1. For residues that are within 11 Å of chain A (Cβ to nearest Cβ) and buried (at least 18 other Cβ atoms within 10 Å of the Cβ), scanning just segment B:54-65, find the one that is nearest to A:Ala131 (Cα to Cα).
2. Would you check if A:Ala18 is on the phi < 0 side of the Ramachandran plot, within 10 Å of ligand 1 (Cβ to nearest atom) and over 17 Å from the mean Cα position of the chain (by Cα)?
3. Do any residues in segment B:32-47 that are more than 7 Å from chain A (Cβ to nearest Cβ) have Cβ atoms under 6 Å from those of residues that are assigned to a loop (DSSP other than H, G, I, E, B) and open to solvent by 50 Å² or more (accessible area, probe 1.4 Å), where the two are at least six apart or on different chains, and which pairs are they?
4. With (1) more than 13 Å from A:Leu71 (Cβ to Cβ); (2) open to solvent by 10 Å² or more (accessible area, probe 1.4 Å); (3) within 22 Å of the chain's Cα centre (by Cα); (4) touching a residue at least 24 places away in the same chain (Cβ under 8 Å) as the list, and A:Asp33 as the residue in question, which single condition is left unmet?
5. List the pairs whose first member sits in segment A:316-344 and is farther than 30 Å from A:Leu228 by Cβ, whose second member is assigned to a helix (DSSP H, G or I) and open to solvent by 40 Å² or more (accessible area, probe 1.4 Å), and whose Cβ atoms are under 7 Å apart, counting only residues at least 6 apart or on separate chains?
6. Does at least one position in segment A:120-127 carry a residue that is touching a residue at least 60 places away in the same chain (Cβ under 8 Å), of a type in the set (Val, Ile, Thr), more than 9 Å from ligand 1 (Cβ to nearest atom) and more than 22 Å from A:Val6 (Cβ to Cβ)?
7. Need at least 1 residues that are within 30 Å of A:Val156 (Cα to Cα) and away from chain B (no Cβ under 14 Å) per element, so show me which strands (runs of 3 or more DSSP E) inside segment A:1-90 make the cut, counting only ones lying wholly within it.
8. Please identify the pairs in which a residue from segment A:376-393 that is within 11 Å of another protein chain (Cβ to nearest Cβ) and farther than 16 Å from A:Leu254 by Cα has its Cβ atom under 8 Å from the Cβ atom of a residue that is more than 16 Å from ligand 1 (Cβ to nearest atom) and aliphatic (A, V, I, L, M), counting only partners at least 6 apart or on another chain.
Amino acid sequence: MTHAEVLIVGAGPAGIAAATAAARTSRSVLLLDDNHAPGGQIWRTDSLAPNPRDRHRDAALTSLQQSGAQLLFNTRVCDAPAPGILTTLSGEAITHIEYDKLILATGARERLLPFPGWTLPGVSGAGGLQALTKGGFPIAGKRVVVAGTGPLLIAVAAHLAAAHANIVCVAEQATLTQMAAFASAIASSPAKIWQGIKFRAQLRGAPYHTSTWPIAALGDTHLTSVRLTDGSRTWEEPCDYLACGFHLVPNTELASLLGCTFNGDFVAVDVLQRTSIGNIYCAGEPVAIGGLDAALIQGEIAGLAATDQLQQAQALHQRHATSLQRFVTRLEAAFRLRPELLTLAHPEDIVCRCEDVRFEQLVPYTSWTAAKLQTRCGMGPCQGRICGPATQSLFGWKPTSVRAPLSPVPVSAFIQFDLRTPTAPQEIP
Amino acid sequence: MPTPDAITVAVNGQPLQVARGTTAAAAFALASAPCRLSTTGDPRSGVCGMGICFECRAIVDGVRHVRTCQLPCYDGMKLETQQ
Ligand SMILES: Cc1cc2nc3c(=O)[nH]c(=O)nc-3n(C[C@H](O)[C@H](O)[C@H](O)COP(=O)(O)OP(=O)(O)OC[C@H]3O[C@@H](n4cnc5c(N)ncnc54)[C@H](O)[C@@H]3O)c2cc1C
Ligand code: FES
């Protein structure tokens, strides 16, 4: 069985910073991620165009390469069968990895909310369309509406505009007052701002509407237009793509499976990024939605703390904790969902995309568990990753405890290996 | 003329040239084909682009339920909309 003194799950900015800091000691450090390259969401590699030069990204990746940390890609953690052991899936091969210290840096995903037409091809998350473009889809000349909420909208619109998409408009649901408060707060912040905001100038003249949100995506087999409203006026924008996400929700399934204590929707940590379980640390978005700076600093603190470099870890915390916390609070306030967004779905609209469960089917139930059992909502392959946060927003349902495997494991892998028996002799290297 | 960096895949039986590095989900989008049909028969394509939503799952070289958003195309890859 592979053994790492420090095992880090997630090679986004938080995981990269953690691995780099931990590998400065002579410990064995293993950083793994389900993507084929490091970078996480913000530094996702562009498969065709060379990534635009980014000082922070280049510096972080160079330090990582020089640190001596081992890297393992295309590998997803799918179970935690016993203390000190994680099960990973790579293609169809299942492996166990033993660790002394574990750092969770699993990032976040977009919150997606149901509205009429949101399942039509052509409608995706905001980061979803960005990823498709980075994956080689030529967006040049395509008409794109970017909608929802959060700094990600601007980052995505700027990225797509740079790839010569025709950005019809950006529709941000937050009010101008909220946005202005946020913008002025971060302008005066000594910390590097969330990348998105500085892209504002790069939207190439595309209109940026505040207090505006989508109420329907229209089309037959593919999106043809989006209906937007500002609460009093409703209009249609013809377009080819709708990139729509409602800020971020943390990826906390693994922390939950491991039994870490939560603070609301987030993993609870102390000043050294330690969770309630002594040898498990957590950094980046699962701890708080705080952007790139928070991810990098928390990652470094976790990496230092996990390798007993406690003084440096504490010093970093003291230097940055207040400003990072202030930023988290401001993000939360600026991009709070307006109540109108929770009434967009009509009775016949699908809420659970995996199982095609409609809004009206969910209405009779009072809990996530009851709805799951009776309607199969959340029982499909995404295991409620999309409809869970949606129903939490719409109905106030709390997700129930997470069960392994965290993502579907192909039957062939089960045949090769017994997931729950870490000492099984037929381990696949 | 195929460029040196172009590879050929098949989307629902139709040959399609894509640049090396293109993801299978992008190949479906290029071919204007949905990745899958939902349980009630609606066309669907990738939503999250990061391996979480499973809307991009399709049949890849005969294997069902393969997420295509993080999967780079290779020469001769056969992609089919999953029913
Ligand atoms: C879709 C999306 C796009 C974004 N784009 C931008 C942008 O353009 N600009 C910007 O400023 N900010 C962007 N953000 C915000 C950005 O993610 C944060 O600001 C910050 O950088 C997060 O860093 P992180 O290391 O905490 O997480 P991430 O960067 O999300 O990294 C987490 C990594 O962990 C991996 N992972 C998760 N679970 C597992 C598992 N079980 N097994 C293996 N690997 C796993 C993920 O695949 C991912 O690579 C985006 C966020 C999202 C969700
Ligand atoms: S697009 Fe969501 S899993 Fe591939």
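1. Filtering first and then ranking leaves B:Cys56.
2. yes
3. Filtered contacts from segment B:32-47: B:Ala33/B:Asn12; B:Leu37/B:Gln83.
4. Every condition holds for A:Asp33 apart from (1).
5. A:Leu316/A:Glu300
6. First, pick out the residues of segment A:120-127 that are touching a residue at least 60 places away in the same chain (Cβ under 8 Å): A:120-127.
In the following step, the residues that additionally are of a type in the set (Val, Ile, Thr) were identified as A:123.
Narrowing the set further to residues that are more than 9 Å from ligand 1 (Cβ to nearest atom) leaves A:123.
Now drop any that are not more than 22 Å from A:Val6 (Cβ to Cβ), which leaves A:123.
Yes, that holds for at least one residue.
7. Working: elements: A:2-9, A:29-32, A:70-72, A:76-82, A:85-90.
Output list reads A:2-9, A:29-32, A:70-72.
8. Listed pairs, sorted by first residue: A:Arg376/A:Val357; A:Cys387/A:Val351; A:Cys387/A:Val357.
The values are calculated or read from the model by the stated rules, or taken from the named source; none is laboratory data. Here the structure is a predicted model, which is why all the values come from computation and not from measurement. Cβ atoms come from the backbone with ideal geometry, glycine included; neighbour counts cover every protein chain shown. Just the protein is used for accessible areas: all its heavy atoms, side chains included, with ligands, DNA and RNA removed. Shrake-Rupley method; radii C 1.70, N 1.55, O 1.52, S 1.80 Å.
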